[in-house]
């Protein structure tokens, strides 16, 4: 019995030790998400372009980025690009790499948002004589953002978990600390339970936000 | 509105304000509009009727180039285009700024208040300040009798109210001609009436209007001219008296008989 109970009793202790990794885990996730949210905008505009070239470039980017496992992508950036062209710190490489991946996914989320907007909205903007930029800025973008928010929140949660791969290139996030704790403890699942609790606690507020936004959205759309 | 006023108003200006010449529209093999010409004069109210698929909405949308004709010439107000080249974005904007359009589905912007729906295009398209724009908006809301809804969101309004807001939004840009694309088709009859009342008032104020509609009673009462379309062509036109009560062609007779039978 004690073999199982001892690690369990130590969970609280592991939990406190792992909290030190929370700021860096959050920083990488939030930064990568912001990079992706911003880069996703030109990407979705290219993807929806009436011209063949930007449309194809965007599609290839999205397909490539979604086809590569995050850990492979981070290795390419950190060990490949990082060692031969520009020197990145592990954190920079993680933010850049996860940001580029996020851009691909968020562009697709935005694209779904555009498709959800009734064509009459564009028709009305055009008939009023709004320029394309104005129509995008004042009519389409706010509606696309509103429709996309729940999916964006869901993506944020999955990004939070995906960024655990950053520890493989040396980012001192929660995952890195877990590995160290587990090695120091010489086995046992205590540190992993503690890590699981931390990740759940981090994602709950985001999930709650997604639900609230979703409910609000439905309210707005229906009478 | 009394009948003998209408022809006088229609013929007051010699120069047409909207002029379509030899307009052709094709979708692949489908010839949607076949060499149609149409002149509309300042202050004239033109009703376009005909069976669905006749090309009424397509022709209406050619006037502000929401549909792109393959050939022909198009004149709206001071802007005149020969459609032998692709129009530049700037030309298209000029054209669209001189026309106001009202859609079957209203197409208000759901994330903006009623006031912003009407004011924002004025600020962006005409460069009015917010104060100027809001003043115009207040006046127009008064005119469509929805002054109390300025701060409401469209989803809170009835279809009839939304359509009146859509009319106000188009009017706010001082168009030279108003294009109505089946403005009451998505409304139940009662709500349709309040929209028709606003349109009747607009006509009385001398606005040039082209109305695609199935409301034959409205066409008979308000229109100066009724145009009957079928299979991409204008097959008959004239005063409501001539066209609706004494149609010449068997095709037109059949169309109006079907509508009258329904009522």
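Every number in this text was worked out from the coordinates using simple rules, so none of it is lab data. Not measured: the values here are computed from a predicted model. Glycine also receives a Cβ, built like all others from the backbone with ideal geometry; neighbour counts cover every protein chain displayed.
Among the residues of segment B:145-157, some residue qualifies, meaning at least one is crowded, with 17+ Cβ neighbours inside 10 Å, within 11 Å of another protein chain (Cβ to nearest Cβ) and within 16 Å of residue A:121 (Cα to Cα). The residues in segment B:67-97 that are surrounded by fewer than 18 Cβ atoms within 10 Å (Cβ to Cβ) and in a strand (DSSP E or B) can be counted, and the count is 5.
Here's the yes/no breakdown for (1) within 19 Å of residue A:105 (Cβ to Cβ); (2) away from chain B (no Cβ under 14 Å); (3) surrounded by 14 or more Cβ atoms within 10 Å (Cβ to Cβ):
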position: A:130; (1), (2), (3): no, no, yes
position: A:133; (1), (2), (3): no, no, no
position: A:136; (1), (2), (3): no, no, yes
position: A:157; (1), (2), (3): yes, yes, yes
position: A:167; (1), (2), (3): no, yes, yes
position: A:196; (1), (2), (3): no, yes, no
position: A:217; (1), (2), (3): no, no, yes
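If you go through segment A:103-123 and keep only what is free of Cβ contacts under 8 Å to residues at least 12 places away in the same chain and facing another protein chain (nearest Cβ under 8 Å), you end up with A:118, A:120, A:123. Once segment B:112-140 is narrowed to residues that are touching a residue at least 40 places away in the same chain (Cβ under 8 Å) and more than 13 Å from residue A:130 (Cα to Cα), the residue that is farthest from the other protein chains (Cβ to nearest Cβ) is B:114.
Scanning segment B:228-253 for residues that are surrounded by fewer than 13 Cβ atoms within 10 Å (Cβ to Cβ) and assigned to a helix (DSSP H, G or I) yields B:241, B:245, B:250. Within segment B:98-127, the set of residues being over 29 Å from residue B:25 (Cβ atoms), in contact with a helix residue (DSSP H, G or I) (Cβ under 6 Å, 6 or more places away or on another chain) and in a loop (DSSP other than H, G, I, E, B) comprises B:110, B:111. Taken across segment B:96-104, residues that are more than 13 Å from every other protein chain (Cβ to nearest Cβ), in contact (Cβ under 8 Å) with a residue 40 or more places away in the chain and on the phi < 0 side of the Ramachandran plot do not occur at all.
Each residue in segment B:39-56 was checked for being surrounded by fewer than 21 Cβ atoms within 10 Å (Cβ to Cβ) and either more than 15 Å from residue B:77 (Cβ to Cβ) or under 12 Å from the mean Cα position of the chain (by Cα) (or both), and 3 of them qualify.
Inclusion of residue B:203 among residues that are in a helix (DSSP H, G or I), within 13 Å of another protein chain (Cβ to nearest Cβ) and in contact with a helix residue (DSSP H, G or I) (Cβ under 7 Å, 6 or more places away or on another chain) is not warranted.
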